[in-house]
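For reference, the structure is listed below as C-alpha cells.
Just so it is clear, none of the values below were taken in a lab; they were calculated from the coordinates. Since the model is a prediction, treat every value here as computed from it, not as a measurement. All Cβ positions, even for glycine, are placed from backbone atoms using ideal geometry, and neighbour counts span all protein chains on display.
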Amino acid sequence: MAKALHIPKIFFSFLIASFLMWMLINLSKKYTSKIVYIIEYKDLPQNKILQEEPLKKISVTVKGSGFNLLAASFSTKKVFFSLEKLIKKSNREFVLLTKSQEEEIQKKLKSGLELVKVSKDSIYFKLGTLASKKVPIQIDLNLDYKLGYGMENIALERDSVILSGPELQLNKIEFIKTKQLTLQEVSEDVSVDLDFELPKDVVGIKLNLEKVKVRVLVDKFTEGSFEIPIKIIGIPKGMKLNTFPKKVKVFFKVGLKNYQKITEDLFEIVCDYKKTKKDNLQYLVPEIKNKPELISTIRITPQRVDFLIHK
C-alpha cells in the first residue's frame, strides 16, 4: 500500500500567516462603500403631525479603510433627522434638504470614515393637525346555522366609533370593520366582544374603543304564506285591465318568536304595466313593494301574471 502524504505542520502555519498578511494589506487600503440607515425623525413642529409615513431608510456613500468599513458593518444603522429646518412648500407639503443633516450622519459614522454622498437630496413630508371623525361600525359575520335556525337580529352595544389621527388618513376611512366572527352549527344566541380592524393602508389612527359588544339573536325559523291581492300601477288613463290570477301567494320565513306578528296587510305586491310595455312582455311581473322587516326570505308564486285589456 502507498504511504499517506505527510504535510508538515509548518506549511499550514506559513499558509495562515500569508492569509492574515494579505487580509491586513487589503483592509488597510481605502475603499468607498454604501451604508443604509434607518431614519427616525425628531423636533416635529408644534401642533403638527405627520399625515403620511415619510421616508424610513436612506443610503449614504462613505470612504474609509477596509478596517473601518468592516467595523461600521457591525454598528447600529440608525440616524436621527431634525425637522427644525423644514422648508414649507404649501399648507401641507414640506421638504427637508438632506444636506442640512450631513453633520448628524457624519457623527454616526465610525472614526476614520468620511461621508461622500447622500443618495437623496430631499425628503418630502405632509404635515397637518390632529383631527377626529365618527364612522359607523360594520360587523363581519361568517355564521353557519343549525338546520331550521337563523339570525333574528343583531344587537350592537353602539353603532359607531370615533377615530382620531392625521386628517389625510381619516379621509380614507368611511367605516370601521370588526374582525371576522366565524361560528358553525349555531342554534343559540351569541354574545361576544369583537376587535376592530383598520385598513392596511392607514397609519397613525387611534380609536376611542378597543372592542365592541355584539349580540346575535338566533331563533328557530318556520315558513308561512299569504294570498296577497295584486295592485296594478302604470295604467294609461281610460284603460281598464283585468289580471289572471287577481292574487299571488307569498311564502316567507320568520322566527317562531315573531310568527304571530306577521299579517297579510304588511305585504304589498304591485305589477307595473309601464315596465311590461317597455320590456315588450306579454305578461305582468309581480314585485314586492312592501314587506315586514322581521321576515328573512320571501318568494312569489306565480312569477308571471296574465292580463286582458278593456278599453
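Quick notes on this one:
- Within the straight-line cut-off of under 16 Å between alpha carbons, the aspartates and glutamates reachable from K261 are E152, D219, E223, E293, sequence neighbours fewer than 8 places apart in one chain being disregarded.
- Here the scattering of segment 32-152 is modelled by Debye summation over its C-alpha atoms, one equal scatterer each and no solvent; at q = 0.16, 0.22 Å⁻¹ the log10 of I(q)/I(0) is -0.82, -1.21.
- Checking (1) 0.92; (2) 0.94; (3) 1.33 against Rg/Rh (Cα atoms, Kirkwood Rh) calculated from these atoms, the matching label is (3).
- Using the average count of surrounding beta-carbon atoms within 10 Å as a protection proxy, the listed peptides 161-172, 30-41 rank, highest first, as 161-172, 30-41.
- N91 sits among other residues whose Cβ lies under 12 Å from its own Cβ, and their net charge, with Lys and Arg +1 and Asp and Glu -1, is +3.
- Along its three principal directions, the equivalent ellipsoid of segment 151-199 from the Cα gyration tensor extends over semi-axes of 29, 12, 8 Å, largest first.
- Note: segment 130-220, Cα convex hull, 82 Å³ per residue.
- Using every pair of distinct Cα positions in segment 219-311, the Kirkwood expression returns a hydrodynamic radius of 14.3 angstrom.
- Derived scalar couplings between HN and Hα for segment 231-237 equal 9, 9, 10, x, 8, x, 4 Hz in order, rounded to whole Hz, by the Karplus curve 6.51 cos²θ - 1.76 cosθ + 1.60 (θ = phi - 60°), x for Gly and Pro.
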